[in-house]
Structure formats: structure tokens, C-alpha cells
1. Would you confirm, using the coordinates I've provided, whether A47 is surrounded by fewer than 13 Cβ atoms within 10 Å (Cβ to Cβ) and either out of contact with any strand residue (DSSP E or B) (no Cβ under 6 Å at 6 or more places or on another chain) or aliphatic (A, V, I, L, M) (or both)?
2. What are the pairs, 6+ residues apart or on separate chains, where a residue within region 31-42 that is among the hydrophobic types (A, V, I, L, M, F, W, C) has its Cβ under 9 Å from a residue that is assigned to a loop (DSSP other than H, G, I, E, B) and modelled with pLDDT under 80?
3. With the structure loaded, tell me whether A113 is part of a strand (DSSP E or B) and of a type in the set (G, A, S) or whether it fails that test.
4. Would you point out the residue of region 20-36, among those that are part of a loop (DSSP other than H, G, I, E, B) and in contact with a helix residue (DSSP H, G or I) (Cβ under 9 Å, 6 or more places away or on another chain), that is nearest to L73 (Cα to Cα)?
5. Quick one: count up the residues across region 100-119 that are under 24 Å from N65 (Cβ atoms) and either modelled with pLDDT under 95 or surrounded by 17 or more Cβ atoms within 10 Å (Cβ to Cβ) (or both).
Amino acid sequence: MSGIEIINPGTPVAGPYSPGIKVGNLLFVSGQGSAQPATDIKEQTLAALTNIKKIVEAAGGKISNIVNTTVFLKNIKEFNEMNSVYKRFFNDNGVSEFYPARATVEVSNLPLASMLIEISAIVAL
């Protein structure tokens, strides 16, 4: 397929996948988590979103270009804590009126035992 660009700004990759793939004006960001074991859901949420930001910026976009995210939580009871960091992250990066469309689901496991969250995104550049 022509017109595909792999975006890898040095974010951690734990398997056979690309951190981001740009096709036309769309960027698909693979699930991002914390590379380092963090102590709580708030730290891991910020780490995942920061990794997404690096990929988006490497593709020439900005946070306000994110149109959709999927959040995978190991424990749905941590939703409110995750959500407070998520909201602050988007507000701090110039998004305050329209947030990305989002699905949030609880999962029984994530790739690394220490992972509490993974977030993927779709971006319109």
C-alpha cells in the first residue's frame, strides 16, 4: 500500500508493531502505556498520553488533532483518577472545548504485568 509512513519518535515498542502509521491525513497510534513501572494510575495515564503526544508531534500534528481514543484500564474503579489526568492533559495542551471521542473499557490483562492502562488514538492531521 502506498502513502504509508511509519512514525517512531523513539517511544517504547514491546512487539512487532509500529508506534504510529500515517495513511493520507490519518494517523493511527498504537496502544501506549508506561515504559517504566509507575506507582499509580495517574502516573501511568500521564506517561501513556505523553507517548501519544510524541508520536502525534513526530507526524506533524498536535494534541488538538486527536479525534478518537480508546482507553484500556486494568481496573475500572480507577476511572475517575484516570479521567482527571486525561482531562488535565488535554486542557494543558490547548484542548478545552471538544475532547476526542473516547471508549473506555476494563481489561483483564495488559502486555506488561506492571501496566495499569493502555491508550490508543486516531488523529486527523
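The values are calculated or read from the model by the stated rules, or taken from the named source; none is laboratory data. Quick caveat, the model's predicted, so the values are computed rather than measured. FYI the Cβ positions are ideal-geometry reconstructions off the backbone, even for glycines, and counts take in every protein chain you see.
1. Numbers: surrounded by fewer than 13 Cβ atoms within 10 Å (Cβ to Cβ): no; either out of contact with any strand residue (DSSP E or B) (no Cβ under 6 Å at 6 or more places or on another chain) or aliphatic (A, V, I, L, M) (or both): yes.
The answer is no for A47.
2. A35/T11; A35/P12; A35/A14
3. Numbers: part of a strand (DSSP E or B): no; of a type in the set (G, A, S): yes.
Against the criterion (part of a strand (DSSP E or B) and of a type in the set (G, A, S)), A113 does not qualify.
4. First, the residues of region 20-36 that are part of a loop (DSSP other than H, G, I, E, B): 24-25, 33-36.
Next, only the ones that are in contact with a helix residue (DSSP H, G or I) (Cβ under 9 Å, 6 or more places away or on another chain) stay: 33-36.
Working: G33: 11, S34: 13, A35: 16, Q36: 17 Å.
Looking at residues that are part of a loop (DSSP other than H, G, I, E, B) and in contact with a helix residue (DSSP H, G or I) (Cβ under 9 Å, 6 or more places away or on another chain), I get G33.
5. We begin by selecting, within region 100-119, every residue under 24 Å from N65 (Cβ atoms); these are 100-105, 117-119.
The next check asks that each one be either modelled with pLDDT under 95 or surrounded by 17 or more Cβ atoms within 10 Å (Cβ to Cβ) (or both); those that pass are 100, 117-119.
Residues in region 100-119 being under 24 Å from N65 (Cβ atoms) and either modelled with pLDDT under 95 or surrounded by 17 or more Cβ atoms within 10 Å (Cβ to Cβ) (or both): 4 in total.
Residues are listed down the side, and each one gets a yes or a no for (1) buried (at least 21 other Cβ atoms within 10 Å of the Cβ); (2) part of a helix (DSSP H, G or I); (3) of a type in the set (G, A, S):
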residue	(1), (2), (3)
S18	no, no, yes
I52	yes, yes, no
S64	no, yes, yes
N68	no, no, no
